[in-house]
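Worksheet: the structure to be examined is printed underneath.
Derivation of every value follows stated rules applied to the coordinates shown; laboratory data play no part. In this text, all values refer to a predicted model and were calculated from it rather than measured experimentally. Neighbour counts are summed over all protein chains in view; Cβ atoms, including those assigned to glycine, are modelled from backbone coordinates with ideal geometry.
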Amino acid sequence: MLGAIAGARERIALEIYWIESGAIGERFIGALVDAASRGVEVFILIDDFGSSELVARDRRRLTAAGVHLACYNPLRFRLGWGNLARDHRKILLIDDEYAFVGGAGISDDFDGADGWRENMLRIEGDCVADWWSLFAHNWQRWSDCACPATRSRPAGDMPGRVVAGPGRVGRRPLERAAVRDIARSCRRVWLVTPYFLPPLRLRQALVNACRGGADVRLLLPAEHSCDLPAVQAAGQCWYEWLLRHGVRIFEHRLGVTHQKLLLADDRVLIGSANFDRWGLRWHLEADQAVHSRVIAEQTAEMLDRDFAVARELDFEDWYQRSFVARLRERFWGRIEALGARIAHRRRVAHVRREQSGGHRGRLDTTDP
């Protein structure tokens, strides 16, 4: 990513939930400032909450160099529950040449041998134009500076498309794409996510794939390697039911796993979306869908190495877990379900107000 920034000739766009000041942040800020100084147009859209640790000094350094900097959904007391709507995307666009998409933040947490486990995908071809269109649609809501449209490039040799969400009220493109890919699978369904709070349709799709004879596996964090224990406990309330129906669950034990990835036969879905109700229905997310045997096999080889060092849960052992563990799962599961219902209702109300008011810079969670 740093090499691509250094080679940019015309423009760069960075849409990022998590960027913070530090050693990694300094390398990216320096590269972006250098690009702006040689005449490259640089657009950066950060999430106001997720990037709260990007200090004012670094923000001033960017804007002083001519970088166009904007914040998604600035935190305001009057927004109330509307503050929960965040831009969780991690996208870097370079000219009309490259798009980088995945789940890695620009943070020291992802650096070094003990850094968080994550993936980014580099994209070339006509999908890059789609990523620019997605960025420009969101950018124009939060900045007065125009972002020019991209020029399309020759198509690549791998079928793929951009999947972004949430969609308009009642539409869930990321959830629909994941469920559809799982339903089409005959051989394997491997899902990796750090926060497993699956909606009903996704849970049912995983079990149905098992019944159809597919190798269904989940790679999730172990208790000591999860950065949000309450979220993990809420998701664990589904482990027993999934294990009983043949889903294999593995716990990643070497550091924190932050990957967001679905491998379904020869289809890969990779990006910023956690496979939970919040990411699939509330936050702004974006994934690249690829249908390619080459990419699928490379992904399988990579995940094989992760599964090899993970611990597989046994149904009988899990069934014998303590009453306290069950109580914790049920408590946090109900808290999460209640929060998700309230958030969904608030999102519907905000989107309807936005559609009737039409003011730029207010909360807008709809995408093309």
**Report entry** the chain - percent relative contact order, Cα under 8 Å, separation 6 or more
**Finding:** 18
Report summary line: Given 265-272, 26-33, the highest-first ranking by average Cβ count within 10 Å works out to 265-272, 26-33
**Report entry** Förster radius 35 Å - calculated FRET efficiency between R311 and H291 (Cβ-Cβ, nearest 0.05)
**Finding:** 0.65
Query raised in the report: What's the center-to-center distance, using Cα atoms, between segment 145-201 and segment 1-78 in Å?
Result: 26
Query raised in the report: Cα axis of helix 173-183 to longest principal axis of the chain: angle in degrees, 0 to 90, nearest 10?
Result: 40
Query raised in the report: Using alpha carbon coordinates only, what is the Rg to Rh ratio of the chain, with Rh defined as the Kirkwood radius?
Result: 0.96
Requested in this report: Under a 10 Å cutoff between Cα atoms, tell me which one of R211, R86, R57 has the largest fluctuation in the Gaussian network model of the chain.
Outcome: R57
**Report entry** the chain: angle of helix 323-357 to the longest principal axis, Cα-based, in degrees nearest 10
**Finding:** 40
Query raised in the report: How do V192, V247 line up, fewest other C-beta atoms within 10 Å first?
Result: V247, V192
Report summary line: Expected sort for L93, L243, L228, L220 with the fewest Cβ neighbours (10 Å cutoff) up front is L228, L243, L220, L93
Query raised in the report: So for the pair T63, R334, with labels modelled 7 Å out along Cα→Cβ, what separation do we get in nm?
Result: 4.7
**Report entry** In Hz, Karplus ³J(HN,Hα) per residue of segment 292-298 (6.51, -1.76, 1.60; θ = phi - 60°; x = Gly, Pro)
**Finding:** 7, 5, 5, 5, 4, 5, 5
Query raised in the report: Taking amide hydrogens as modeled 1.01 Å from N in the peptide plane, which residues meet the under 5 Å criterion relative to I249, leaving out close sequence neighbours?
Result: L218, L313
Query raised in the report: Most mobile of L69, L284, L338 per a Gaussian network model of the chain (Cα springs, under 10 Å)?
Result: L338
Report summary line: Once phi for every residue in segment 37-43 is put through the Karplus expression 6.51 cos²θ - 1.76 cosθ + 1.60 (θ = phi - 60°), the whole-Hz ³J(HN,Hα) values, with Gly and Pro written as x, are 5, 9, x, 7, 6, 10, 10
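Please list the three semi-axes, largest first and in whole Å, of the ellipsoid equivalent to segment 2-142, using sqrt of 5 times the eigenvalues of its alpha carbon gyration tensor.
Details: eigenvalues 94, 65, 57 Å².
Square roots of five times the eigenvalues give 22, 18, 17 Å.
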Query raised in the report: Once phi is turned into ³J(HN,Hα) by the Karplus curve 6.51 cos²θ - 1.76 cosθ + 1.60 with θ = phi - 60°, what whole-Hz value does each residue of segment 237-252 show in order, with x for glycine and proline?
Result: 5, 9, 4, 4, 5, 5, 4, 4, 9, x, 6, 8, 10, 10, 10, 6
**Report entry** Pairwise FRET efficiency - D34 versus D144, Cβ, R0 = 22 Å, nearest 0.05
**Finding:** 0.30
Query raised in the report: In terms of modelled amide H atoms, which long-range or inter-chain residues lie less than 5 Å from the amide H of A222?
Result: H252
Report summary line: Label model pair Q320, V55: point-to-point distance (7 angstrom along the Cα→beta-carbon line) in nm is 5.2
Query raised in the report: When the chain is modelled as a GNM with alpha-carbon springs shorter than 10 Å, which of A129, A183, A65 fluctuates the most?
Result: A65
